[in-house]
Amino acid sequence: SSGINAEWPLGPGGQQVFYTVFSLILSSVGTSVNTISLTFFLKQRTQSLGDRILILLNSLDLMVCVLTFVDVVCRSWLEDKVFDSKIFFAILDSLYYFVCSESTAFATCLLSVTRAISLSFPFYSLNKTAVLYTTILYFVYLFGKETTFVAIKILNPESEIADNTHYIISLCSLTLFITISLISNSITGYKLLFASEATIETGANTKRAGVTVFILSSLFIFFNFLYIIAGVIFSISNETIKEQHPNDHKTFMIEFVLQFSIPLNSACNPIIYFIRKATMRAYVKRIFRSSVECCVRVTPDNVREDCEEPAAPRNDTTSHF
């Protein structure tokens with residue numbers, strides 16, 4: 001039978017294998033596309049505030065994709081086998097929440113807010129120093145919070161209060177970022193639909209950048225909202241899920257969403273960049289063509305003899321963030 005409480009057909013061991021294989025594929029694809037998009041942004045000579053926030057988000061997405069595979073492997077195959085495992089997994093939890101759950105949320109929220117401000121007040125120049133200080137202060141707070149959590153777990157590895165408090169704070173932070181992004185996205189959507197080009201500086205380019213950020217923020221809201229819902233369900237019915245129905249489809253779906261919703265978001269972001277930016281598509285095509293020609297030892301005049309990766313264009317005149 002295939003009801004909601006039907007047994008997971010592969011059993012607990014099969015679920016571990018499935019998670020490991022899926023995380024390997026997701027991490028490989030996510031790491032590859034994020035690396036390509038990050039090199040593109042870094043090679044641009046002219047970088048706007050939006051570009052720099054995208055570099056931050058892109059870097060965090062790259063770390064998420066790498067950390068996801070490490071997290072799954074450690075929890076599936078190394079749990080209870082590592083020396084001082086509770087301390088080890090406290091540090092792993094801290095890294096995972098630090099990078100995945102909150103840092104990417106902050107970067108996406110910051111991107112959404114700055115774009116909404118740019119569209120709403122086209123003649124107002126955002127203070128880059130203020131944005132930088134805000135970012136630094138947030139990461140100082142985040143580092144302090146996670147360091148405190150790890151210190152408590154080292155002193156008292158069995159502390160469930162520390163685990164629950166850490167998890168609740170992370171969910172609350174994520175909820176706050178989703179709410180802010182939803183408000184900013186609503187403003188951006190309204191401006192894109194109803195504002196005339198005359199009221200938006202640089203016209204089509206700014207609108208195109210607004211649409212790109214709107215899509216990125218919408219993906220963030222979707223995937224992270226799923227994560228929060230799954231987290232709340234898991235927290236409320238933790239005992240029932242783990243003890244009474246450890247292998248049914250409902251449990252599997254909740255755990256799958258908790259494990260992979262945010263990494264899926266991180267893997268999807270570079271695909272949006274690729275779809276929306278013509279210069280990035282040209283950059284990827286040049287990399288692919290250069291790699292193929294190097295592999296077959298073809299070196300025409302327009303291909304570098306040393307097979308180096310081509311540089312991204314200095315200026316993006318078709319669209320910008």
Accessible solvent surface per residue of region 38-169, calculated while the other protein chains remain in place, 1.4 angstrom probe, Å²: 50
³J(HN,Hα), Karplus 6.51/-1.76/1.60, whole Hz, each residue of region 172-186, x for Gly, Pro: 5, 4, 5, 4, 4, 5, 5, 4, 4, 5, 5, 5, 5, 5, 5
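Ignoring any ligand, DNA or RNA, what whole percent of the accessible area of region 255-296 comes from carbon and sulfur when the probe is 1.4 angstrom?
Details: 1270 of 1770 Å².
Here it works out to 72 percent.
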Contour excess over end-to-end distance, with Cα ends at TYR167 and GLU79 and 0.36 nm allotted per residue: 29.7 nm
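Can you check what the net charge comes to around ASP163, using other residues whose Cβ is under 9 Å from the Cβ of ASP163 (Lys, Arg +1; Asp, Glu -1)? Don't jump to the answer; show the numbers that get you there.
Details: positive: LYS153; negative: ASP93, GLU160.
Overall, the nearby charge balance is -1.
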Phi-based couplings in Hz for region 123-139 (Karplus 6.51, -1.76, 1.60; Gly and Pro marked x): 9, 9, 8, 5, 7, 5, 5, 5, 5, 5, 5, 4, 5, 4, 4, 5, 6
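The values are calculated or read from the model by the stated rules, or taken from the named source; none is laboratory data. Keep in mind the model is a prediction, meaning the values are calculated, not measured. Here the Cβ is made from the backbone with ideal geometry for all residues, glycine too, and neighbour counts use every protein chain on show. Ligands, DNA and RNA are stripped out before the accessible areas are found, and what is left, the full protein with its side chains, is counted by its heavy atoms. Shrake-Rupley method; radii C 1.70, N 1.55, O 1.52, S 1.80 Å.
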